[in-house]
1. At a 4.7 angstrom Cβ threshold, list every cysteine in the chain that has nobody to pair with, or say none.
2. Loop-only check: which trypsin sites (Lys or Arg not before Pro) in segment 15-123 are DSSP coil with at most 10 other Cβ within 10 angstrom?
3. So what's the convex hull volume per residue for the Cα atoms of segment 63-125, in Å³?
4. Taking just the C-alpha trace of segment 29-153, give me its Rg and Dmax in Å.
5. Taking N as the number of residues in segment 11-80, what is its alpha-carbon radius of gyration divided by 2.2 N^0.38 Å?
6. How long is the gain from GLU138 to ARG73 if the chain were fully straight, where each residue apart is worth 0.36 nm and the alpha carbon distance is subtracted?
7. For every helix of n ≥ 4 consecutive DSSP H residues, a contribution of -39,500 (n - 2.57) applies; sum these over the chain, divide by its total residues, and give [θ] at 222 nm rounded to the nearest 500 deg cm²/dmol.
8. At what distance in angstrom do the alpha carbon centres of segment 49-111 and segment 8-37 lie from each other?
Amino acid sequence: MEKTNVMRILERLNVSYTPHEYDSETDKGEEVAAAIGKSADEVFKTLVTTSPNGNYVFIIPVNCSLNLKKAARTAGVKSIEMLKQKELLPLTGYVHGGCSPFGMKKTFPTFIEETAILFPAICVSAGKRGYQVELSPEDIIKNVPAEYGDLCD
């Protein structure tokens with residue numbers, strides 16, 4: 001298996017993780033979860049948003065939708081909207097479907113759906129389509145850093 005930059009970052013931080021590989025043509029979150037043998041509740045996607053106050057990152061299960069009102073409230077801003085897909089790579093260094101909370105070009109305020117605490121480990125993108133890393137949500141909270149919040153519909 002190819003080692004991604006995210007995997008190297010996790011190793012540098014001494015964070016324990018399990019890598020997972022799947023067909024990079026798989027692009028629906030529920031299909032990714034099935035491909036790596038996990039439930040859709042424990043595989044999380046990384047979404048980048050924008051507001052007049054700046055950019056924010058939200059990590060939510062692949063089977064839920066980000067509630068923009070809850071996201072704005074959690075981030076402490078008046079309103080928030082999804083970042084345009086063409087703006088993702090220049091802003092974060094990641095392509096759509098391969099965005100990870102680890103290793104973005106800049107550090108943005110980051111929030112993780114509170115249901116993550118229900119699992120000893122969750123999966124997030126390893127920074128490249130076709131790769132996921134499984135790790136403790138607490139390791140995300142400590143090393144990104146991030147905060148928990150009620151983010152989904």
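Throughout, read-outs are computed from the coordinates displayed, never taken from laboratory work. Note that the structure is a prediction, hence the values are computed from the model and not measured. Methodologically, a virtual Cβ is constructed for each residue, glycine included, from the backbone with ideal geometry; neighbour enumeration extends over all protein chains shown.
1. Cys with no partner Cβ under 4.7 Å: CYS99, CYS123.
2. Passing sites in segment 15-123 are LYS78, LYS84, LYS106.
3. Cα convex hull per residue, to the nearest whole number: 112 Å³.
4. 13.2, 39
5. Relative to the rule-of-thumb radius for its length, segment 11-80 sits at 1.35.
6. Working it through step by step, the gained length comes to 21.2 nm.
7. -6500 deg cm²/dmol
8. 19 Å
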